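Notes for the one structure printed next.
The values are calculated or read from the model by the stated rules, or taken from the named source; none is laboratory data. Note that the structure is a prediction, hence the values are computed from the model and not measured. A quick note on method: Cβ atoms are made from the backbone with ideal geometry, for glycine too, and the neighbour counts reach across all protein chains shown. The area values use the complete protein model at the heavy-atom level, side chains included, leaving out ligands, DNA and RNA. Shrake-Rupley method; radii C 1.70, N 1.55, O 1.52, S 1.80 Å.
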Amino acid sequence: MDSFTKAIKRYLEKRFGNSIEDASERQIYQALMVITRDKLAEKRYHYINKLKESEQKRVYYMSMEFLVGKTLRNNLYNLGIESEVKNFLSENGFVLDKIYDIEPDPGLGNGGLGRLASCYMDALTSQEYPITGFSILYEFGIFKQVISNGWQQEFPDNWLDLGKYGLIYRSDEEVEIKFYGETKEQWTSDGLRIKYEDYTPIIAEPYDLMISGYETDAVNVLRLWKSKASGGFNMRLFEQGEYSKSVESKAIAESISKLLYPADDNNKGKELRIKQQYFFTSASLQQIVKMHYKAYNTLDNLAEKVVIHINDTHPSLCIPELMRILMDEYEYSWDKAWEITIKTFAYTNHTIMAEALEKWSVDLFRPILPRIYTIISEINNRFCKWCKDIGASVDLEEMSIIHNDMIRMANLCIVSSYSVNGVSKLHSDILKKDTFKSFNRIYPGKFTNVTNGIAHRRWLGQANPELTKYLNELLEVDFIKDLSSIENLLEYKSDESVINNLENIKKIKKVQLAEYIKKNTGLTVDTNSIFDVQIKRLHEYKRQLLNALHIIYLYKEIKYNALKPYPRTFIFSAKASSGYVMAKNIIKLICSISEIIEMDPEVRKYIKVVFLEDYRVSLAEKIIPAADVSEQISQAGKEASGTGNMKLMLNGALTLGTMDGANVEIYNAVGKDNIFIFGLSSEEVSDLSERGYRSEEFYQNSSVIKETIDFMRTLDNGDSNFNYMADYLVSRDPYMCLADFESYLEQQKLIEKTYQDRIKWGQMSLVNIANSGIFSADRATSEYVKEIWNIKKVK
Ligand code: OAK
């Protein structure tokens, strides 16, 4: 530690010519980022040497998204030097929390899938497993959301400005990626070779982000690729006076890593998106293969030493890229290359939403990646032939990789990987029984489940130090090291003083959040009210609209039926994909409700609605510890797993949910008396949709629905969209909000009643915390390690 503080002083002197007394907060921030990074890089050096020596198997985790969250606090915490740094800074007049605030959230992801990737990197590193993440160094991460008159506006997120201090540029490991052009078969003295002509080269520059583990020597790396033109600007055009053209190709090349696509669970065939996918998969594969060859002088044993994990289908071009490298660069035959390939890849599916299953039109794809297209097409031909040969009564309409001139990436992944997993039991069952049933028939045993998990060190240890400290003292076990030991808390279920202490901690976190709300929205919220939280991407299937409808119902009851409910604060935070009109309408609706209530002194005594803008990891860290109720109300069968549900449970919130995704497993873990479940099951949803769902019937047949929707219309003031949304619910309601409304209402009433029994609520909350051990990312990643990857710790 002494050396760490000395390093800070030295950095300030050398870099800024400042002593610590004269330094600015910004300079302290930079010093801390750089010194922490370099300290981790040094640890990494020793770790990687041990790994190389042991010649053991490694995992490469491919993901278009890593929602890293702020790194500085996580790294200091993991290095075990947070409190010393804090003291050192405070002795010199600085507040560490204010320094943390300077760091931007590296928003290199949209939501669940990206955050999961980061939770897994953290958990695997803490457990000393060798894993490398690969993704893109987006110059602009997920947009910054500003709410203006209730409507979402998007602004660029220039995170590298301050975020760059965590990265290490590895100029020695640049690679070239080839787009467009033509490939020709050419006979040479060594046999048939593939020759590329007229292609457009793009350079991938590597930047490494160190991933630290908790109290361990392990340091893994997240490698992020940045695109740049090969050869800078065109000198010939420049000399001819064509200045703008001369830099055009440079700009086009750099556009590849310019921005993160802000669409969550939605796929629109975009040329730039294909380029992004091939860019980072080709760069990563080239590097993996090169390193492997250097270490072993052969690629014959690639599948023994390497697992490449594909995080949803976005990195699926890894598969044909490996085939290409093996055949075109290392002269393997098709059969040998294929044998290696299908033993190397494992694939996780994160959604069954039809619009999210990636498909590329052949016409768009083939000119950009001619050789890769040929390989995919050949994989498909051989797969279809094999199906016929085995005589399986298989449905090639459903299974063919290329169908109706579209390339179906999930099919490519299933055919080419040795393992396919879903992310919760229910979701994995749906994959097997429904979405990919024909594949499951011909590949028995290939489909498995690994229920998601969360990095509890961040989501409890760092986000809720008050609760962590208390539990540490109470339980006298290191549950931060091993979350399963948190179940010892169950012993205190009948201990009122423990229940009271937990309640007091919740109150502290609510007060902190209330301050944030005041500062950011101007709203004053009652910290004795129930904090009812729905925070996640804005998507119709997640049904923020159902939540809004319940608030409208309460408003009506308070105003016209003299209802005096126990006070509640409804907290929302969510980003909508920029092109998703209905999602933006739902945000507008929520903001309009918030405004109307705020203007009504009769109503605002009881209920308040807060929409916190710019949902991101660091904001989630503030909201989650303060939540009483965790709204997990997706239409059953649609949410693959959810992970926010786990973070909230771990922090003592009670789940109000449908039997969907991992809610089902939360229900099993805590028992029916410690959760609020409502709504149709996934089978009932399928049945109803097969029979034909007509929301209007629910509207006509239920007085409470009718009254609520009719009341909703009366709120429309021309500037709001109450009428528009009411029409939508009555005429379409694609995710069946109306079908579930009454049973939702019933559970909401039960919540209100239960909350007032402070001991009972406290006990339920305790049971939730105590049973959250299975949702640690340590458990989830251990399952990947044992069941799928078969790797060992680096000792
Ligand atoms: C995003 C883009 C395409 C496909 C899936 C996603 C995605 O984020 N899916 C989410 O993944 C999470 C992690 O597995 C799950 O918890 C969410 O339920 C799922 O929607």
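Quick look at the values:
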| item | result |
| --- | --- |
| Kirkwood Rh, angstrom, segment 587-637 [1 / mean 1/r, Cα pairs] | 13.1 Å |
| Relative contact order %, the chain, counting alpha carbon pairs below 8 Å whose residues are six or more apart | 13 percent |
| In order through segment 537-542: 3J(HN,Hα) via Karplus (6.51 cos²θ - 1.76 cosθ + 1.60), integer Hz, x for Gly, Pro | 4, 7, 8, 4, 5, 7 |
| Degrees, to the nearest 10: 25-54 long Cα axis against longest axis of the chain | 50 degrees |
| Peptides 698-710, 422-434, 308-320 ordered by average Cβ neighbours within 10 Å, highest first | 308-320, 422-434, 698-710 |
| Gained length - residue 297 relative to residue 403, 0.36 nm times residue gap less alpha-carbon distance | 34.2 nm |
| MRE, 222 nm, helices only [DSSP H, n ≥ 4, -39500 (n - 2.57), over the chain, to nearest 500] | -14500 deg cm²/dmol |
| Average Cα contact separation per residue, segment 627-774, under 8 Å, 6 or more apart, as relative contact order % | 28 percent |
| Where only C-alpha atoms are counted, convex hull volume of segment 456-773 per residue in Å³ | 126 Å³ |
| Ratio of the Cα radius of gyration of the chain to 2.2 N^0.38 Å, where N counts its residues | 0.98 |
| Under-5 Å amide H pairs with residue 563, H placed in peptide plane, nonlocal only | 558 |
| DSSP beta bridge pairing in the chain, given as percent antiparallel to the nearest 5 | 45 percent |
| Degrees between helix 722-731 axis and first principal axis of the chain (Cα, 0 to 90, nearest 10) | 70 degrees |
| Probe 1.4 Å, accessible area per residue of segment 456-773, Å² | 36 Å² |
| Whole-number accessible area per residue in Å² for segment 317-448, which is evaluated in the context of all protein chains at 1.4 Å | 38 Å² |
| Separation in nanometres of the label points that stand 7 Å from Cα toward Cβ, at residue 714 and residue 34 | 6.5 nm |
| Acute angle (nearest 10 degrees) that the helix 370-389 long axis makes with the longest principal axis of the chain, alpha-carbon atoms | 80 degrees |
| Residue 515-residue 749 FRET efficiency (beta carbon distance; Förster radius 30 Å; 0.05 resolution) | 0.50 |
| Cross-link pairs 9/510; 509/556; 575/647; 542/647 - those with Cα-Cα distance over 28 Å | 9/510; 509/556 |
| Only Lys, Arg (+1) and Asp, Glu (-1) charged, at Cβ; segment 456-773 dipole about Cα centre in debye | 820 debye |
| Segment 539-641 - charge dipole about Cα centre, Lys and Arg +1 at Cβ, Asp and Glu -1, debye rounded to 20 | 100 debye |
| Portion, in percent, of the accessible area of segment 441-599 that falls on carbon or sulfur, probe 1.4 Å | 50 percent |
| Segments 121-133, 350-362 sorted - mean Cβ within 10 Å per residue, highest first | 121-133, 350-362 |
| Contour excess over end-to-end distance, with Cα ends at residue 673 and residue 396 and 0.36 nm allotted per residue | 95.1 nm |
| Solvent-accessible area per residue, Å², over segment 62-214 with all protein chains present [probe radius 1.4 Å] | 38 Å² |
| Sequence-distant residues sharing a close amide H with residue 580 (under 5 Å, placed H) | none |
| Among 412, 533, 462 - extreme Cα towards positive end, dipole of the chain, charges at beta-carbon | 462 |
| Residue 175 long-range amide H proximity, modeled H, under 5 Å | 204 |
| Probe 1.4 Å, all protein chains present, accessible-area order of 199, 261, 47, largest first | 199, 261, 47 |
| Cα-centre dipole for the chain with unit charges at Cβ (Lys and Arg positive, Asp and Glu negative), debye to 20 | 840 debye |
| Relative contact order (%) - criterion: Cα under 8 Å, at least six apart; region: segment 17-103 | 49 percent |
| Order by protection proxy (mean Cβ within 10 Å, highest first), peptides 578-590, 615-627 | 615-627, 578-590 |
